[in-house]
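Chemist: What follows is a single structure, and I will ask about it in a moment.
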Amino acid sequence: MKQPIKNIAVLTSGGDAPGMNAAIRAVVRACAYYNVKCTGIYRGYQGMIENDMVEMGPRTVKNIVNRGGTILKSARSTDFRTPEGRKQAYENLLANEVDALVVIGGDGSFKGGLALTKEFNFPIIGIPGTIDNDIAGTSHTIGFDSALNTVVDAIDKIRDTANSHNRLFFVEVMGRDAGHIALNAGIGAGAEEILIPEENIGFEKLIDSLERSRNSGKSSSIVVVTEGDSIGKTVFELGEQVKNTMPNYDVRVSVLGHLQRGGSPSCFDRVLASRFGVKAVESLLAGEHSMMVGLLNDKVVLSPIEKAVKSAGNGVDEELIRISDIVSI
Ligand code: ATP
């Protein structure tokens, strides 16, 4: 690997998440602090292939710490999945005299970064940025906390109407293969049931639980469902099936969708992104590579990026499932 490092590039890739801008800002300013050039790459790996890069000084990232999305834009690049695409990307990095790369994204983005390291011995450090919180080696990814606040806020509003009409609402939240958003936001918003991919409660148990809620005098019920819930149905099919089984219930479905990704990042995410960005630059300057920065026991630590890529996420907290059963009684 090339030493000393004089020019660090930064990109955002995969799904955008609130707090990515705060991470970009931290990387750019840490570079300025240590007198290292910083190169921003637009549209993730696609921009790397198309040589869409710009030099970034500390003032280029003013007034972005509070903004959602990513000023560098994000992309899913199929070209980068090919050896030819990665070779072109590498040649552009050399042409721009870039010595190292900070990748802000999810595990797919890290796989792309690792390919660069393996094929061209190019140093990279990953910053976990995804609302799903599904990356091993960190208790929190950038964007997770903001998405939770957005979801809780939305469910609070749904609760108002559910209460007024004695309705049962199924609320679908993002999370694909991981129930972190559903479990945490479900507890935070007082959901009666939470359906996550990690726990198959089955349809019968869901009906029992809803009956119990009604018999205990609850005037509304909220069931939070992850996109990839374990009962194996879409949220609309599930709502329909419950309606058929419990005809007295006024069942409604709400899919929160992409609004979960948007909005201003929470203070927690801004601080986390700032810590991660500084650590990423300091690690590269200290000669580290192929590592991911993460938060464990409130300390910012490094772990091999290979581990984040190979393991199936960081697993939901079993204790939270137990707590949810108790507080929703
Ligand atoms: P999110 O979790 O929010 O979806 P992600 O980083 O996992 O984010 P992906 O779409 O999986 O999102 O990956 C982002 C980009 O990384 C891809 O579009 C592709 O360019 C690159 N990438 C992913 N996997 C590989 C791979 N195996 N080899 C090379 N590049 C890859």
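Chemist: Among the residues that make up the range 256-264, is at least one of them touching a Ser or Thr at 6+ places or on another chain (Cβ under 7 Å), open to solvent by less than 70 Å² (accessible area, probe 1.4 Å), in a loop (DSSP other than H, G, I, E, B) and in contact (Cβ under 8 Å) with a residue 12 or more places away in the chain?
Modeler: yes
Chemist: Select from the range 88-114 the residues that are open to solvent by 40 Å² or more (accessible area, probe 1.4 Å) and within 14 Å of the ligand (Cβ to nearest atom) and write down the one among them that is nearest to Phe144 (Cα to Cα).
Modeler: Asp107
Chemist: Sort out which residues of the range 1-25 are open to solvent by 10 Å² or more (accessible area, probe 1.4 Å) and either in contact with a Gly (Cβ under 6 Å, 6 or more places away or on another chain) or at pLDDT below 95 (or both), and write them in order of number.
Modeler: Of everything in the range 1-25, those that are open to solvent by 10 Å² or more (accessible area, probe 1.4 Å) and either in contact with a Gly (Cβ under 6 Å, 6 or more places away or on another chain) or at pLDDT below 95 (or both) turn out to be Met1, Lys2, Gln3, Pro4, Gly14, Gly15, Asp16.
Chemist: Oh, and also: Hey, among the residues in the range 124-139 that are part of a loop (DSSP other than H, G, I, E, B) and of a type outside the set (A, V, I, L, M, F, W, C), which one's farthest from the ligand (Cβ to nearest atom)?
Modeler: Of everything passing the filter in the range 124-139, Ser139 is farthest from the ligand (Cβ to nearest atom).
Chemist: In the range 140-168, what count of residues is obtained for those that are more than 13 Å from the chain's Cα centre (by Cα) and either modelled with pLDDT of 95 or more or not in a strand (DSSP E or B) (or both)?
Modeler: 18
Chemist: In the range 46-87, which residues are of a type in the set (Val, Ile, Thr), within 13 Å of the ligand (Cβ to nearest atom) and over 18 Å from Gly263 (Cα atoms)?
Modeler: Within the range 46-87, Ile49, Thr78, Thr82 meet the criteria.
Chemist: While we're here: Mind listing just one residue for me: the one in the range 308-329 that is more than 17 Å from the chain's Cα centre (by Cα), assigned to a helix (DSSP H, G or I) and touching a residue at least 40 places away in the same chain (Cβ under 8 Å) and, of those, surrounded by the most Cβ atoms within 10 Å (Cβ to Cβ)?
Modeler: Ser324
Chemist: Then there's this: Can you go through Ala100, Ala75 and tell me which one is within 24 Å of Glu306 (Cα to Cα) and touching a Leu at 6+ places or on another chain (Cβ under 8 Å)?
Modeler: Ala100
The values are calculated or read from the model by the stated rules, or taken from the named source; none is laboratory data. These figures come from a predicted structure and were not determined experimentally. Note that each Cβ is placed from the backbone with ideal geometry, even for glycine, and that neighbours are counted across all protein chains shown. When the accessible area is computed, the model is the full protein with side chains, heavy atoms only, and any ligands, DNA or RNA have been set aside. Shrake-Rupley method; radii C 1.70, N 1.55, O 1.52, S 1.80 Å.
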